[in-house]
Amino acid sequence: MAKHGALTIEHVAKAAGVSRQTVSRVINNGPNVKPLVRERILAAIDRLGYVPNQAARRMGGGRSYLILAINDRPRTIENWRAGRGNDWVDQMLHGGMLTCEAHGYHLLFELVDVVPDRALKQLDHALSSLRPDGVILTPPHSENPLLAALLIQRGIAFGRMGSSARHDDGINVFMSDHDAGAAAVRHLVALDHRRIGFISGSARYAASDAREQGYVEAMAAAGLSICEGDIQHGDFSFASGAAAMERILRQPDPPTAIIASNDEMAFAVLHVAADLGMTVPTQLSVVSFDDTPGVRFSVPPLTAIRQPISTMAETICIKLIRARDGEDVTGDYVLPFDLIERQSTARRRG
């Protein structure tokens, strides 16, 4: 048998007892291959250790076998430089990369500026250089109509991940941020909290407004008032969460519970409370959003709305691959969220 570096598709065909064209169809996830034949070819590929030539696949089938995911450049770099990492990105890559790998695709991750005009130029350059089969727009790029228009013009399938705003085009995979905001309120109301503060995220993200609206409507449904100063705005960063929490606590009679619109700002709430000698959850209950891995290691562990980030990435990659196969998969795909109760929330005392 040929050495590993000299293996070709012909070696696989000979080992499996089929034609070269049949092996090619299996490698490219093509139709018209019987299941038993497909299994025999895959077994031969595994046994020989054959790795398909990506350049040849691209030339032969008119595909790149690439899915391009673009993410918020300024915030991602800021988190990396500060040593905080980015759990949201980690979860997105977990779901997207493994799914693409299972379907013979590669997931590429690009950082793109959030200024709309700059984002358009950077995406246009990436499309020309990489020629991806599909593109994932993550927040806030999912709210930029210029990017969607460019992808439609280029005829490239695209999906928005985590955008609960209304869209009439593309593949839209998200959870209901509005309902999640309301669920956080109901959890705290059930624990007898009557003054509940809310720290919103960046206005660039549609999810920020949706979560805040869910909070406002759930408070009204519970017959509770929102005092001036109970709603403060951050930008999803630790520093903005700390500043928002300090403003809330300057009130003469501050809330007994806080909902923070992401985990990083919730960590800031815990730090501010600790610096002021406030115990969580005895004196203050805290609910977070996203439920990235770090919330389980905070002190105390955070009650959080779990956004299904990995599953959203998995779902959108599958839809993009099917779109490249000619299926019409445009539309909305709403995934369920969970409220994970931990030690940062408790019944209001007194």
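The values are calculated or read from the model by the stated rules, or taken from the named source; none is laboratory data. Remember, predicted model here, so these are calculated numbers, not experimental data. A quick note on method: Cβ atoms are made from the backbone with ideal geometry, for glycine too, and the neighbour counts reach across all protein chains shown. To get the accessible areas, we keep the full protein, side chains included, count just its heavy atoms, and leave off ligands, DNA and RNA. Shrake-Rupley method; radii C 1.70, N 1.55, O 1.52, S 1.80 Å.
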Could you please find all residues in the stretch 241-257 being small (G, A, S), surrounded by 24 or more Cβ atoms within 10 Å (Cβ to Cβ) and part of a helix (DSSP H, G or I)?
G241, A244
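To keep it simple, each residue is scored yes or no on (1) over 20 Å from V115 (Cβ atoms); (2) touching a helix residue (DSSP H, G or I) at 6+ places or on another chain (Cβ under 6 Å); (3) in a loop (DSSP other than H, G, I, E, B).
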residue	(1), (2), (3)
L146	no, yes, no
L151	no, no, no
F158	no, yes, no
V173	yes, yes, no
A180	yes, no, no
Check the stretch 145-155 and report whether any residue there is among the β-branched types (V, I, T) and open to solvent by less than 30 Å² (accessible area, probe 1.4 Å).
no
Cross-chain or 6+ apart pairs with Cβ under 6 Å, the stretch 231-259 first and free of Cβ contacts under 8 Å to residues at least 40 places away in the same chain and within 19 Å of Y215 (Cβ to Cβ), then open to solvent by 40 Å² or more (accessible area, probe 1.4 Å) and not in a loop (DSSP other than H, G, I, E, B)
Q232/R247
Tally time: how many residues in the stretch 185-203 are touching a helix residue (DSSP H, G or I) at 6+ places or on another chain (Cβ under 7 Å) and either surrounded by 19 or more Cβ atoms within 10 Å (Cβ to Cβ) or under 19 Å from W88 (Cβ atoms) (or both)?
8
Of residues in the stretch 83-122 being touching a residue at least 60 places away in the same chain (Cβ under 8 Å) and in a loop (DSSP other than H, G, I, E, B), the one surrounded by the most Cβ atoms within 10 Å (Cβ to Cβ):
Y105
Scan of the stretch 123-132 for residues that are outside any helix (DSSP H, G or I) and open to solvent by 80 Å² or more (accessible area, probe 1.4 Å), ordered by number
R131
Does G5 meet the test of being modelled with pLDDT under 85, surrounded by fewer than 13 Cβ atoms within 10 Å (Cβ to Cβ) and either in contact with a helix residue (DSSP H, G or I) (Cβ under 6 Å, 6 or more places away or on another chain) or assigned to a helix (DSSP H, G or I) (or both)?
yes
For the stretch 321-342, which positions are touching a residue at least 12 places away in the same chain (Cβ under 8 Å) and closer than 20 Å to R131 by Cα?
I321, A323, R324, D325
Of residues in the stretch 60-82 being part of a loop (DSSP other than H, G, I, E, B) and not polar (S, T, N, Q), the one modelled with the lowest pLDDT
G62
Listed by first then second residue, the pairs whose first member lies in the stretch 135-154 and is under 17 Å from H125 (Cβ atoms), whose partner is of a type in the set (G, A, S) and surrounded by fewer than 23 Cβ atoms within 10 Å (Cβ to Cβ), with beta carbons under 6 Å and at least 6 positions apart or on separate chains, are N144/A119
Scan the stretch 220-235 and tell me whether some residue there is touching a Ser or Thr at 6+ places or on another chain (Cβ under 9 Å) and part of a helix (DSSP H, G or I).
no
A260 is checked against (1) surrounded by 21 or more Cβ atoms within 10 Å (Cβ to Cβ); (2) within 16 Å of M175 (Cβ to Cβ); (3) at pLDDT 95 or above and fails just one. What number does that condition carry?
(2)
Search the stretch 266-319 for residues being of a type in the set (F, W, Y) and open to solvent by 10 Å² or more (accessible area, probe 1.4 Å), and hand back the single one that is modelled with the lowest pLDDT.
F297
Which one is farthest from T138 (Cα to Cα) among residues in the stretch 204-215 that are out of contact with any helix residue (DSSP H, G or I) (no Cβ under 6 Å at 6 or more places or on another chain) and open to solvent by less than 50 Å² (accessible area, probe 1.4 Å)?
E212
Can you report the number of residues in the stretch 17-35 which are modelled with pLDDT under 80 and open to solvent by 50 Å² or more (accessible area, probe 1.4 Å)?
4
Can we say G162 is closer than 26 Å to S298 by Cβ and modelled with pLDDT under 95?
yes
